[in-house]
2 protein chains.
Amino acid sequence: MRELESVVPVILSGGSGTRLWPMSTTDRPKQFLALTAAETMLQLTVQRIGGAEGCAPAIIVANAAHGDFVEQQLATIGCHPQHVILEPAARNTAPAIALAAIAAGGSDQPLLVMPSDHVIADVDAFRAAIAAAMPIVADGWLATFGITPDHPATGFGWIKIGETLGAGVNRAERFVEKPPLDKAEAMLASGDHAWNGGIFMFRADAYLDALGRFAPDILAAAQAAMDKADRQGRRLLPDGEAFAASPSNSIDYAVMERAERVAVVPVAMGWSDVGSWDALYDVSARDALGNSATGDVVLQDTSNCLVRSDGNVTVALHGVSDLIVVASGSTVMILPRGSSQEVKALSALAGERRAG
Amino acid sequence: MRELESVVPVILSGGSGTRLWPMSTTDRPKQFLALTAAETMLQLTVQRIGGAEGCAPAIIVANAAHGDFVEQQLATIGCHPQHVILEPAARNTAPAIALAAIAAGGSDQPLLVMPSDHVIADVDAFRAAIAAAMPIVADGWLATFGITPDHPATGFGWIKIGETLGAGVNRAERFVEKPPLDKAEAMLASGDHAWNGGIFMFRADAYLDALGRFAPDILAAAQAAMDKADRQGRRLLPDGEAFAASPSNSIDYAVMERAERVAVVPVAMGWSDVGSWDALYDVSARDALGNSATGDVVLQDTSNCLVRSDGNVTVALHGVSDLIVVASGSTVMILPRGSSQEVKALSALAGERRAG
C-alpha cells in the first residue's frame, strides 16, 4: 500500500497505568509487555504499519524513564525510529502529539497517531481505513478512527458518525464522553455511533494550526520545549521547564471536539485497548476448555481461566473455572473473571501491606 | 503429671509424604513445617509431652536425610533428645519402633510412640489418656489410642472398642483397615469404634517380645542393625545392610492386629493427621470471614479460603471463596476446598512439566 509510506507513525508510549497489575507497573507499563504474542504491545504497534517491508520510521513519544525500554524493544525487532521523544513530564496527549508534530517538521506530511498498547487483530482493515482517510487528511482534515462498537461500553468515549465525506469517511458529528449505560445502549442501538479508539490521522501542520487556535498555551509550551531540546542521537529531550508550563489536556478535549473539519473513519478491526485482564482474556487465543494460559503454568480440570506467569513461579491449578491468575515478579494475583476492575484497589492494598 | 516422667517419647519422623505439596516435599516433609503455629509439627510434638517442665528426652527416628532438620529444630526450642536414630532405609513403622525400643534399652520402661506430624489440640485430654493407659501398660499390654471419630472417615484404620479393662481403657477387639464408606458410616453410628491414630504406648520389652513372636525377621534385622550401629554423639546410625534385610511393615499389621493383650484408650483430643490441605483448614484458626491466611497474603472480599505463603511471593486475592492457595518456593497451587486429594496428581503434572 503505497500511501502508507508517506505516513509517519507517531506512537504514544506515555501510559503508566497499572490496570494489568501485577504484570504492568509504573516501572514497566503495559506497552512494554508481551501480552498477546511473543512481541510486546509496543513492538506489535510499530510492526503494524511497517508490514512486510519492515518498520516505518516512527516517532515515539515516551516517558523519560522508559527511553531504554523503547530503544531496546525496537532494536530487538530491527526497527529504527526517527525520533524517540522523552517527555520531561506527563501532560496528556495534546502536548505529546504537539512535540511529535514539531519533530516531524510541522509540514503537510500525514501523521498516524497511535497508542502503543492497543490490540488490532485485523491489520488489513486498519490499513484500508488509513487508505480511506488519506484524501481528506491530505485536504487538511483531522481524522479519527471510529471503532465499530460491539457492546454498550461505558468506559470509552463515543463519536456520532455524521454525513458522508467520501468513501468510508464521515464527518465526526459529535464527541460523547464516557456515557452512562442507558446512553451507551442507545448509541449502540442507533448504529451511527462509534467508539473513540484514540487513533488519529492528520497533517502535522493541520494539527499544529488547530492547536494554535484552540489551545495556544499548549502549542507555545511544546514549541518552546522543542526549541531548547537536547538531542542525543535519536533521542530528543524537550526542555523540562518549558514543557512543564503546558496545560495538561487530551487531544480529544483540546482539539478534536472543537475543530470544525473533523472526520471519523468507521472501522471494525478487532480493536481492544486491553484495559483490564478481562479485556485481555477477550482478545486472547484460548484452548478447547476456554483457558488462555502462558508462561510456566500447569492446568488440570480447569476451564475458562486467564493464567499468566512470568516464570518466576510455576502456577498449578486444579478444578477451578473463570479465574484470572497472574504471577509476576514477587506477586501472585487471583480474582474471578469479570472483576478485573478491582485490580487497582487490590494493588493498592498489597502496596500498603508491603510499605506497612 | 508424675507418671509422664517415666515415659520415653518415641517420635517417628520417617514420613516423606507430599500431600501438602507444594509446601511439603521429599526434601522437607510436613513434620518440619510450621503449619498450625509458629512451631513446626515436630517441635509441637516434642513439646506436647514435655509440658511446662520442658521436653522429655525423646528418641527420634528419622530419615537419614533429615538428621540436620531434626537436630536444628529441637535445638531451637531447647530440646535435647536422647537419641536421633537415622534410618538407613525406610522400612515402615514396625522396624522403626524396634530400633527405638532397642535404643531405649529394651527394658520395662514405657515408650510413647507418636508420629511427628499430627495435631493434638487438647493436650490435657491426651495426657489424661496416657495416665489412664499407664497401669495396663505397666502390666505388659500394648496400648493404642483410639480417636473418637466425628465423621465416617475412609482414609483411616478403625478399632472396635471391646470390654473395659480399667478406667478409660478397653480391650482392642478388632482392627479394621481403611473401610468403604458404608462400613465407616456403620462404625461411626455404632459408637463403639474409634480411629486408629497411630499413637501407641507399651513397655520396650513388651514390644520387642511381641515383635519376636509375630515378626521375628524384623526383630532380628533391627537388632543386627543396632549391634553394628555407628554412634555420633546423639546420633545413632544403624547398619545399613543389616537394616535393609528387614521386611517393611507397619506396627499395626506386624504386631497390634496379631498380639493378644492389646488395649485401646478412647480419647477425644482434637486430633488430626493433617493429611491434606483440607484437613489443615479444618484445624486452623480462621478470621470472621472463614479465612485461614498466613504469610505474605492480601485478602479483599475473600471468604472461607486457606491461603499460605512462605514469603517468596505475595499472594493477593479478591472476590474468591472456598479456595486453597499455597505459595511455596517457586510454586503456587490453587484448587477448590474439598479437592485437596488432587494435590498428588497435580504435583506430578507440575514435576513432569519441569522435567519435560
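The values are calculated or read from the model by the stated rules, or taken from the named source; none is laboratory data. Small disclaimer: the values here were computed from a predicted structure and weren't measured. Virtual Cβ from ideal backbone geometry, glycine too; neighbours counted across all protein chains shown. Accessible surface is based on the protein model in full, side chains and every heavy atom, while ligands, DNA and RNA are left aside. Shrake-Rupley method; radii C 1.70, N 1.55, O 1.52, S 1.80 Å.
At a glance:
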{"quantity": "Residue tally, condition more than 7 Å from chain A (Cβ to nearest Cβ) and either surrounded by 17 or more Cβ atoms within 10 Å (Cβ to Cβ) or among the hydroxyl-bearing types (S, T, Y) (or both), over the range B:313-336", "calculated": "5"}
{"quantity": "Subset of the range A:188-234 [part of a strand (DSSP E or B), touching a residue at least 24 places away in the same chain (Cβ under 8 Å) and either open to solvent by 70 Å² or more (accessible area, probe 1.4 Å) or farther than 20 Å from A:H83 by Cβ (or both)]", "calculated": "A:H193, A:A194, A:W195, A:N196, A:G197, A:G198"}
{"quantity": "Filtered residues of the range B:14-31 (kept if charged (D, E, K, R) and open to solvent by 40 Å² or more (accessible area, probe 1.4 Å))", "calculated": "B:R19, B:D27, B:R28"}
{"quantity": "Residues that are part of a strand (DSSP E or B) and either of a type in the set (S, T, Y) or at the interface with chain B (Cβ under 7 Å from one of its Cβ atoms) (or both), drawn from the range A:302-312", "calculated": "A:S303, A:S309"}
{"quantity": "Looking only at the range B:279-301, and only at residues there that are open to solvent by less than 30 Å² (accessible area, probe 1.4 Å) and within 14 Å of chain A (Cβ to nearest Cβ), the one that is nearest to B:P29 (Cα to Cα)", "calculated": "B:V297"}
{"quantity": "Enumeration of residues in the range A:274-301 that are part of a loop (DSSP other than H, G, I, E, B) and acidic (D, E)", "calculated": "A:D287, A:D296, A:D301"}
{"quantity": "A:V265 open to solvent by less than 10 Å² (accessible area, probe 1.4 Å), in contact (Cβ under 8 Å) with a residue 40 or more places away in the chain and in a helix (DSSP H, G or I)", "calculated": "no"}
{"quantity": "Number of the condition not met by A:I136 [criteria: (1) crowded, with 19+ Cβ neighbours inside 10 Å; (2) more than 17 Å from the chain's Cα centre (by Cα); (3) assigned to a loop (DSSP other than H, G, I, E, B)]", "calculated": "(3)"}
